[in-house]
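Laboratory data are not the source of any read-out in this text; all were calculated from the coordinates shown. Source: prediction; values computed, not measured. Positions of Cβ are generated from backbone atoms using ideal geometry, with glycine treated the same way; all protein chains shown enter the neighbour counts.
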């Protein structure tokens, strides 16, 4: 778990939305097998940061490399890279017109060029792994939010990603469904998946993260182990943030 | 004397002409319209520019003027085609601009996240559009495309002024033969109604079909 084997490296990353400077000189290295949790007040840029890693948000300056290769510009190279970076969204974004099984097989067949049989075998294995083996023929709208998000995680895993990005994966869920999703993520973390997770689930950050990165106003203010961060936050912004979210 | 029964062959010829014009131009309009909609939402700027210019030029040109441009313009560049083909080109390209915008409106009804998820899985622009976005846009696109194709069926009447056999043009012959012009026009109107109501029915079926498969 050392940073000697960097998988995702961001250096000097800047991003503006119009006149708003949402990412300011971000330097962040995520090592292979590391689980990094990004937390911070809303509007701090953590979701944007997560989305820059597979270039859903292009950056204005700086560099991002994944496994030593810089993020390519829009085109074939970028598509190939994205297929190696899993992404889980707040709003699940399962393909509404496809069954659960098709959601998992489509990109395997069209992007990875696997055979239909091979893709379906992998899909069923993954569905079983997230506890949804019996939901394969259903459409996303027939599933609960928690189930949809687990399907979305399985869909990303089907591409054998090198790293998984989670952009507030439980924020759109009813409270009773949050745990089933976190449980899947915890298992992934234990199995050694490299993960970047934007979340408000402090319990998850404490138990599953190797490192907590605290952001405010587009800057990284702290980057430390969960124990250090939660028990002895250094910056006033972090202390203020923690006091607000942990006191009710 | 009965206008319709006495001149059934003439009416039929005109009716078939209008149907052929509508089908051929409709096919071109659909294909080109969807392609241009793809251009207009493409991440590549020159493609967006092509789509934008195509729609702006064709949507803002009077159809009759477009017919003149095709019929008189193309031969100057050495392109000699039958009048029917020229009419299909003019009608098809003109209508494609409206189809393009209807399809683009449908694309905009599909949540952005659908495309983002597809791209995140490594799908390229063409795959994202054809496998994920367009199928979900279909339902919203059906009604305006139906209207556009009905408008196309009626616009084919202009081709009659450019030596193409079609339904409206039959009135000239019948008028010369001394038939009551009002009755003639009534039968012509019924002919158009048959075509446009068929289009309506087909699109209503399509809409219902898409409702159940969703």
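Some points to look at:
- Shape parameters for segment A:147-248, alpha-carbon atoms, Rg then Dmax in Å: 14.3, 42
- Acute angle (nearest 10 degrees) that the helix B:181-212 long axis makes with the longest principal axis of chain B, alpha-carbon atoms: 20
- For the peptides A:200-209, A:230-239, the ranking by packing is A:200-209, A:230-239, with the highest mean count of neighbouring Cβ atoms within 10 Å listed first.
- Residue A:207-residue A:76 FRET efficiency (beta carbon distance; Förster radius 41 Å; 0.05 resolution): 0.55
- Mean Cβ neighbour count within 10 Å, used as a protection proxy, ranking B:6-15, A:95-104 highest first: A:95-104, B:6-15
- Three-way shape label, the protein assembly as shown, alpha-carbon gyration tensor, a/c 1.5: prolate
- Residue with peak Gaussian network fluctuation, chain B [Cα springs, cutoff 10 Å], from B:181, B:107, B:99: B:181
- For the peptides B:182-194, A:179-191, residues were scored by their other Cβ atoms within 10 Å and the scores averaged per peptide; the highest-first order is A:179-191, B:182-194.
- Each Cα pair under 8 Å and six or more residues apart adds its sequence gap; the mean of these over the residue count of chain B is a relative contact order of 29 percent.
- Taken over segment A:6-246, the percentage of Cα pairs per 10 Å bin, counting from 0 up to the bin with the maximum distance, is 8, 32, 36, 20, 5, 0.
- Fully extending the segment from residue B:147 to residue B:68, taken as 0.36 nm per residue of separation minus the present Cα-Cα distance, adds 25.9 nm.
- Taken residue by residue and averaged, Cβ atoms of other chains lying within 10 Å of the Cβ of A:95-103 number 4.
- Mean partner shielding of peptide B:121-131, defined as the number of other chain Cβ atoms within 10 Å of each residue Cβ, is 6.
- Segment B:2-210: C-alpha gyration tensor shape, a/c 1.5 cut-off, then a/b vs b/c: oblate
- Calculated [θ] (222 nm, deg cm²/dmol) that DSSP helices of n ≥ 4 give over the protein assembly as shown, each run adding -39,500 (n - 2.57): -17000 deg cm²/dmol
- Once you reduce segment A:215-236 and segment A:13-90 to the center of their Cα atoms, the two points are 19 Å from each other.
- Relative to the longest principal axis of the Cα atoms of chain A, the long axis of helix A:116-129 makes an angle of roughly 50 degrees.
- Counts of other chain beta carbons within 10 angstrom of each beta carbon in peptide B:108-120 average 6.
- Based on Cα contacts under 8 Å between residues 6+ apart, chain A shows a relative contact order of 26 percent.
- Rounded Å value of the spacing that divides the Cα centres of segment A:141-167 and segment B:106-169: 31
- Overall form of segment A:40-117 per C-alpha gyration tensor (a/c, 1.5; a/b vs b/c): oblate
- A simple spin-label model places pseudo-atoms 7 Å from Cα toward Cβ; at residue B:44 and residue B:4 they are separated by 5.3 nm.
- Measuring r between the beta carbons of residue A:187 and residue A:24 and using R0 = 35 Å, the FRET efficiency lands at 0.50.
- Computed extension gain for residue B:197 through residue B:12, at 0.36 nm per residue and net of the alpha carbon distance, reaches 64.8 nm.
- Calculated FRET efficiency, residue A:65 to residue B:204, Cβ-Cβ distance, R0 = 45 Å: about 0.25 to the nearest 0.05.
- Rounded to 10°, Cα long-axis angle of helix B:83-109 versus longest principal axis of chain B: 40
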